[in-house]
1. State all residues of segment B:106-127 that are farther than 24 Å from A:I167 by Cβ and at the interface with chain A (Cβ under 9 Å from one of its Cβ atoms); if no residue qualifies, say none.
2. Looking at A:L161, A:L136, which is the one that is crowded, with 20+ Cβ neighbours inside 10 Å, over 17 Å from the mean Cα position of the chain (by Cα), under 30 Å from A:V104 (Cβ atoms) and in contact (Cβ under 8 Å) with a residue 24 or more places away in the chain?
3. Among the residues of segment A:95-111, which ones are within 9 Å of chain B (Cβ to nearest Cβ) and either under 16 Å from the mean Cα position of the chain (by Cα) or not β-branched (V, I, T) (or both)?
4. Could you tell me whether any residue of segment B:128-135 is surrounded by fewer than 17 Cβ atoms within 10 Å (Cβ to Cβ), β-branched (V, I, T) and within 14 Å of another protein chain (Cβ to nearest Cβ)?
5. Take B:V30 and tell me if it is modelled with pLDDT of 95 or more, under 17 Å from B:D158 (Cβ atoms) and β-branched (V, I, T).
6. Which count do you get for residues in segment B:53-93 that are loosely packed, with under 13 Cβ neighbours inside 10 Å and among the hydroxyl-bearing types (S, T, Y)?
7. For A:L85, state whether it is within 14 Å of chain B (Cβ to nearest Cβ), among the aliphatic types (A, V, I, L, M) and surrounded by fewer than 18 Cβ atoms within 10 Å (Cβ to Cβ).
8. Give segment A:60-81 a look and list any residue that's touching a strand residue (DSSP E or B) at 6+ places or on another chain (Cβ under 9 Å), farther than 16 Å from A:E23 by Cβ and hydrophobic (A, V, I, L, M, F, W, C), or say none.
Amino acid sequence: MIRAIDLHKRFGELIVLRGVSFEVARGEVVAVIGPSGSGKSTLLRCLIHLETIERGAIEIQGRPLVSTDAHGHCHYQPDAEIRQLCGRMGMVFQHFNLFPHLTVLQNLIEAPVTVKGLSRDAVLPLAEELLRKVGLFDKRDSYPSRLSGGQKQRVAIARALAMQPDILLFDEPTSALDPELTGEVLRTMRALAEEHMTMVVVTHEMGFAREVASRVVFMDGGQVVEAGTPQQLFGAPQQPRTRAFLANLL
Amino acid sequence: MSYLLDILSPLLQGTLVTLQVFLLTMLLAVPLGLGLALLRLSRRAWLGRLVSGYVWLMRGTPLMLQMLFIYFALPFVPVIGIRLPDFPAAILAFTLNYAAYFAEIFRAGIQSVDRGQYEASKVLGLSYVQTMRRIVLPQMVKRILPPMSNETITLIKDTSLIYVLAMNDLLRAARGIVQRDFTTSPFVVAAAFYLLMTLVLTWAFQRMEKKVAVYD
């Protein structure tokens, strides 16, 4: 579904990605873990074109989003192609980024109507079904400001799903939540995983990574240090940096 | 009492001129100001600088001077020189001037919208225009209402500047009567009219603020 090869990215002097390669297969749930500043969020943002890379290549469902020629020059596809490729992905943010001036239901309907040109009536059944799925149907006419953090994040997930993406990216979806509210969001994500939604989850929730992810990627210093099944990575980490990181959590 | 009724008619006519200038200026300066704000925030830096220069010019010189320039000096400017009658000249000056102030208010309003809103719009597939129209500008409205209320109240009183083009707005009408009849009561009536107009404006803005407060 996604293939990233040798991604390089810097913010000014700061090198955030130094040759990250990364692959996601259909139906996989990939958890990306690592210390703050390891580049995991930047990696995610590069995949969906919120950031641009300086070198490397990204393919979405076999089609190139960006590639680098023999001279090291990076070429992005034309805007229309970028939009189409990224349109197959949805993203859930740490800070939800719901549209505050729209109700819950309007948040879900906005993009399908505006972007896909569907009628409100055509989108309504899916939107309502998604709200039932995340357990917030009764909040459909509330504004986001009336919701708790966990509810907001579940609306954000439903909003992303309303565009019917093939891949869902999560950027630390529970990091901004009070501890007692993370459970409801993780349960929603777990339910998605059980439906074989392809997911890439940047997270600090080791429990989620261990139990739900089909593969775990450990990043540090802008590189993928180690990747494997949760059993391998948590049970028998090979790299000293992975061991140190995991040891620190306990 | 009957004297008050006598002077009411010219004062009402003056009010009509005042309202015309006010409404036309609002109608033209709001969209122009919005356009300027968007240009100012455009990725093309030279466009932003151009707008900054424009705002500096318009805020940095007196509105009265701008009006006098458009009416008296514009006809002699090469290429664009046109002679405008007094009313269009006044409207043009007010629009150009107020658009600069509005542009700054709109710019601040647009910039106060969180970057996350743009990112969420982008990953959902919204184009720049769609993001602006559907997501950013509606949120901007809420934040610009208080400063816009200020600015519109100032505008209604600024309209009295058109007397320099010998137009009979409310204040000039009142002054005419004062000078004719040697009584200051027309000033009191004019003040009451201004107060009434600002009261309506204040009320209208309060209503709008309440309307957008639903998503607080």
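The values are calculated or read from the model by the stated rules, or taken from the named source; none is laboratory data. Note that the structure is a prediction, hence the values are computed from the model and not measured. Ideal geometry is used to build each Cβ from the backbone, glycine not excepted, and the neighbour counts take in all protein chains shown. Accessible surface is based on the protein model in full, side chains and every heavy atom, while ligands, DNA and RNA are left aside. Shrake-Rupley method; radii C 1.70, N 1.55, O 1.52, S 1.80 Å.
1. Residues of segment B:106-127 that are farther than 24 Å from A:I167 by Cβ, as a first pass: B:106-114.
Result: B:D114, single match.
2. Numbers: A:L161 fails: over 17 Å from the mean Cα position of the chain (by Cα).
None of the others qualify; the one that does is A:L136.
3. Residues of segment A:95-111 within 9 Å of chain B (Cβ to nearest Cβ): A:95-103, A:110-111.
If the condition is that a residue be within 9 Å of chain B (Cβ to nearest Cβ) and either under 16 Å from the mean Cα position of the chain (by Cα) or not β-branched (V, I, T) (or both), then A:H95, A:F96, A:N97, A:L98, A:F99, A:P100, A:H101, A:L102, A:E110, A:A111 are the ones that fit.
4. Yes, because at least one residue in segment B:128-135 is surrounded by fewer than 17 Cβ atoms within 10 Å (Cβ to Cβ), β-branched (V, I, T) and within 14 Å of another protein chain (Cβ to nearest Cβ).
5. Values: modelled with pLDDT of 95 or more: yes; under 17 Å from B:D158 (Cβ atoms): yes; β-branched (V, I, T): yes.
In short, yes.
6. The total comes to 1.
7. Working: within 14 Å of chain B (Cβ to nearest Cβ): yes; among the aliphatic types (A, V, I, L, M): yes; surrounded by fewer than 18 Cβ atoms within 10 Å (Cβ to Cβ): no.
No; evaluated as a whole, the condition is false for this residue.
8. The one that is touching a strand residue (DSSP E or B) at 6+ places or on another chain (Cβ under 9 Å), farther than 16 Å from A:E23 by Cβ and hydrophobic (A, V, I, L, M, F, W, C): A:C74.
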